[in-house]
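Laboratory data are not the source of any read-out in this text; all were calculated from the coordinates shown. Only a predicted model underlies this, so the values are computations on that prediction, with no experimental measurement involved. No Cβ is skipped: glycine too gets one built from the backbone with ideal geometry, and neighbour counts run over all protein chains shown.
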Amino acid sequence: MDWKADKFSSVEQVMDGMKAAHYICDSQVATTVYLACNLEKPVLVEGPAGVGKTELAKVVAEYLEAPLIRIQCYEGLDESKALYEWKYGKQLLYTQLLKDKLDTIMHKEDKLADSIEKLHQYDDIFFSPHFLEPRPLLKALEQPDGVVLLIDEIDKADEEFEAFLLEVLSDFQVSIPEIGTIKAVRKPVVFLTSNNARELSEALKRRCLHLYIPFPSAALEREVIKTRLPQIGEKLRKQLVAFIQAVRTLDIRKPPSISETIDWARVLLLMHAESLNRELVGKTLNVILKHEEDIRVAEEKLISLTAEALKADDGMTGE
Amino acid sequence: MEGVLGDFITVLRKAGVRISISESLDAVNAAQIMGYDNRRRLKEALSASLAKSHAEKKIFDSCFDSFFSFNFFQSPKKANAHHPEAYGEALKDPLAALVLKDDKGQLAALMTEAGRMANVSSIKNPMQKSLFTMKILNQMGMPGMEAMVGQIKNSTGSGLSQQTAELLEKGRDDLLQTVKEYVEQQLQLNADGVDSKDQFLKTTPLSQIELRHFHRMDGLIQKLIRQLEDRHSRRLKTANRGKLDYKKTLRKSVSYGGFLFAPLWKKKKENRPDVIVICDISRSVLRTVRFLMLFIYGLNKRIGKIHTFIFYSNMIDASYIFDRYSIEEALSKITTDPSLPIIRGKSDYNTMFTNFRDHHLHLVTKNTTVVILGDARNNFNPPRAEVLKAIGERCKRLIWLNPETKPFWGTGDSEIKTYAPYCHLLQECNTLVHLERVVGKLLSAKR
């Protein structure tokens, strides 16, 4: 019945599909995506920075083989940048070009009232779809083959913008005063992401399914590294994941995210490392920690952290 | 099954998760898509459609686990190695048949259904436990089974039917135990609802709130503060448009060939009130002081400057205490710290007003809101209403909060009627609801 129905017949199918697109997720993520597509509801994704919230939307787009339309939210984003704008330039240009034409139209009528009357017959031409500049939201609704719409970092936008989104999110339509209501040709799959910079409104939350992506468990993180960087040795993989997991429990400002784990794995790969050691970790600590004081905290405990990570590997292989 | 889902949603609401009707509809749809056979999938689906923040997810998890824990009837029963053909008569009673067949699924379903019929989710306190247990057992058909047991016993039949009777009695005891546990669980789920208690605390006179409720009160105040903040930050945003910004408009018009297409506006400055609080900290007022201060300092994002004066027999400037210590510490300091230069004798509005006029009147500007909290019991000292008049004329607003109930105003040594004409707002203030209203008015810009 729907353009995405055959891709969403079961949760397992979604999970496998995402895995094929190199995105490893737990079953909560897969279930929510599955539900969102079947209930035709937007998904609000929350969680710490760098756990793959934006990536999720990209992967779903890839899985559906649909284009991804993305709006990056920021303070001051308004409907003229997100939804539509009139092509003022084109309108002006046309009025200039058509000046002569207007003269000929008006030519015979010498009375002002008659001219106005005549003009009224052409009244809406300058505010018709031809002069409409569609912005991402409108584009997403107009796509004939369905799209994945990603509204990134909604918490950075103003509250007004959030309120303005409500119509799109609940009915998949927008109202343009001069033209009327435009409905989605095919309902897009919508993802909203938030870093919790501020509390989102109840109204918005009510219209969305909610997904919280936490930092991954060790097993999941190992799986992610394995999929992204298959070249990396098993031993090193276990060690570095154990190390990252330990660092996350420290009292630091910005715990390392998955993307940082992947970066670090890449760096270690470049350095042809076979296994973690204190010196190596000390040198590359700035890849996973981005604050001076965080690095200092980690450096203090470097010996025990590294030892733990090495031990974790032993324990795991022993099992 | 929708009924059970409804009950679950009620439980979640009571636990503090906000769920709207549309969300419960989503949950029903989600459950239909997912089916009820995979517990984990069901949990994930409901979690996505009902719990909308990280905190709510945690509540959801614990509620789900205890609500959908069908541990009932799971106790390892010895296999019924008896001869089913010997049950004979006993199978005629539906409940007895279930017990004899040991059909746990059916029994559990029957029990939940009976629970719903008996409206067990309305259980409020432990006293009701046996009542609900009775009701559920009756609903399940216990009397019929009891009669059956008696009948079999009296029939003096073969050894086999006596065994059946024993089996039934055993089953009855198990059932009784299980239903009791079920009711207990329902009590746990339903009775710790916060709503009713909060409502009660909101309207109880502050002076009568016991110490053990303070913790909950503080939570409540935080909640109210957030509501107030939401309300007022929004109002400021919508009223943000000021005068036409000519420069910006011209600059913008360049891209439209000089046509003034898009007028731009100057932003209005955010209007944050400065507040001067003068508190009577005599024993009769102290409780209210505590809660008012929690409010005002909780809202310091919306308030520009706060000056705090406290007085008893004399007055001191206590702003530094609140600046330096956390609000909790500061409050305990002003109430008990003996090193403070405050004399705890009889409250004296005369000294307070003269002191304020002589030393602090310059703090009062046209942007200031002055809040005086006290019962105006002046111990027959001169009232000094002329100072209050002077303050009222200088400041933007003068608010007097009186923790006494209205009938007592003006009786005995109360001077409140003398002060009343000079205040822009005089209000009785002895419950949380009063306080919230006052602070709301404090934040709104108009008089």
Query - In segment A:130-192, the GluC sites (Glu not before Pro) that fall in loop regions by DSSP, at most 16 other Cβ within 10 Å - result: A:GLU178
Report summary line: Computed ³J(HN,Hα) along segment B:116-122: with the Karplus parameters 6.51/-1.76/1.60, θ = phi - 60°, integer Hz and x for glycine or proline, the list is 5, 4, 7, 6, 5, 6, 8
Query raised in the report: Under a 5 Å amide H to amide H cut-off, with H placed in plane at 1.01 Å, what residues pair with B:PHE309 once short-range neighbours are removed?
Result: B:VAL277, B:ILE278, B:CYS279, B:ALA318
Report task. Using the structure shown, select from A:LYS183/A:LYS205; A:LYS183/A:LYS254; A:LYS4/A:LYS205 the pairs with a Cα to Cα distance greater than 32 angstrom. Result -> A:LYS183/A:LYS254
Query raised in the report: Where Lys and Arg each count +1 and Asp and Glu each count -1, what net charge lies around B:TYR256 among other residues with Cβ under 13 Å from its Cβ?
Result: +3
Report summary line: The ³J(HN,Hα) series, computed from each phi in segment B:36-42 with the Karplus coefficients 6.51, -1.76 and 1.60 at θ = phi - 60°, rounded to the nearest Hz and given as x for glycine or proline, is 9, 7, 10, 4, 5, 4, 4
Report summary line: Note: A:GLU308 to A:THR95 extended length (0.36 nm per residue) minus current alpha-carbon separation gives 69.3 nm
Report summary line: The answer for A:LEU192, listing residues at least 5 apart or on another chain whose modeled amide H is closer than 5 Å to its amide H, is A:VAL43, A:LEU44, A:VAL45, A:ILE151
Report task. Pull up the cross-link candidates among the lysines for A:LYS7, meaning alpha carbon to alpha carbon under 17 Å and not fewer than 8 places away within one chain. Result -> A:LYS19, A:LYS41, A:LYS58, A:LYS187
Query - Cubic angstrom per residue, convex hull over Cα atoms of segment A:160-319 - result: 179 Å³
Query raised in the report: Which angle between 0 and 90 degrees, to the nearest 10, do you get for helix A:258-270 versus the longest principal axis of chain A when only C-alpha atoms count?
Result: 60 degrees
Report task. Kindly provide the GluC sites (Glu not before Pro) of segment A:25-75 that DSSP labels as loop, not H, G, I, E or B, and whose Cβ sees at most 12 other Cβ atoms within 10 Å. Result -> A:GLU65, A:GLU75
Query - Summed residue charge, Cβ within 12 Å of A:LEU166's Cβ, Lys/Arg positive, Asp/Glu negative - result: -3
Requested in this report: Using only atoms on other chains, find how many Cβ atoms lie within 10 Å of each Cβ of peptide B:28-41 and report the average.
Outcome: 3
Report task. Report the antiparallel proportion of the DSSP beta bridges in the protein assembly as shown as a percent, rounded to a multiple of 5. Result -> 25 percent
Report task. For segment A:225-239, just list the computed ³J(HN,Hα) in residue order, Karplus coefficients 6.51, -1.76 and 1.60, θ = phi - 60°, integers in Hz, with x standing in for Gly and Pro. Result -> 4, 4, 6, 6, 10, x, 6, 6, x, 4, 4, 4, 4, 4, 5
Requested in this report: Evaluate E = 1/(1 + (r/R0)^6) for A:LYS81 and B:LEU91, where r is the Cβ-Cβ distance and R0 equals 51 Å; express this FRET efficiency to the nearest 0.05.
Outcome: 0.10
Query raised in the report: Label A:THR181 and A:ALA218 with points 7 Å out from Cα along Cα→Cβ: what is the distance between them in nm?
Result: 5.5 nm
Query - segment A:97-166: chymotrypsin sites (Phe, Trp or Tyr not before Pro) falling in loop per DSSP and having at most 12 other Cβ within 10 Å - result: A:TYR122
Requested in this report: Assuming R0 = 35 Å, can you tell me the calculated FRET efficiency for the pair A:LEU102 and A:GLN143, based on Cβ-Cβ distance, to the nearest 0.05?
Outcome: 0.45
Query raised in the report: Against the longest alpha carbon principal axis of chain A, how many degrees, from 0 to 90 and to the nearest 10, is the axis of helix A:159-171 turned?
Result: 80 degrees
Query raised in the report: Can you list the lysines whose alpha carbon sits under 24 Å from that of B:LYS92, skipping same-chain ones fewer than 8 residues off?
Result: B:LYS77, B:LYS78, B:LYS101, B:LYS104, B:LYS135, B:LYS153, B:LYS170
Report summary line: In chain A the DSSP beta bridges are antiparallel at a rate, in percent to nearest 5, of 30 percent
Report task. May I ask for the net charge around A:VAL11, where only other residues with Cβ less than 11 Å from the Cβ of A:VAL11 are counted and Lys, Arg are +1 while Asp, Glu are -1? Result -> -1
Query raised in the report: By counting other Cβ atoms within 10 Å of each Cβ, how are A:ASP152, B:ASP102 ranked from fewest to most?
Result: B:ASP102, A:ASP152
Query - Dimensions in Å of segment B:346-413 - Rg and Dmax from alpha carbons - result: 12.5, 35
Report summary line: Amide H contacts under 5 Å for A:SER257, restricted to residues at least 5 apart in sequence or on another chain and with H modeled in the peptide plane, are none
Query raised in the report: Which FRET efficiency, nearest 0.05, do B:ASP317 and A:LYS290 yield, Cβ-Cβ r, R0 45 Å?
Result: 0.50
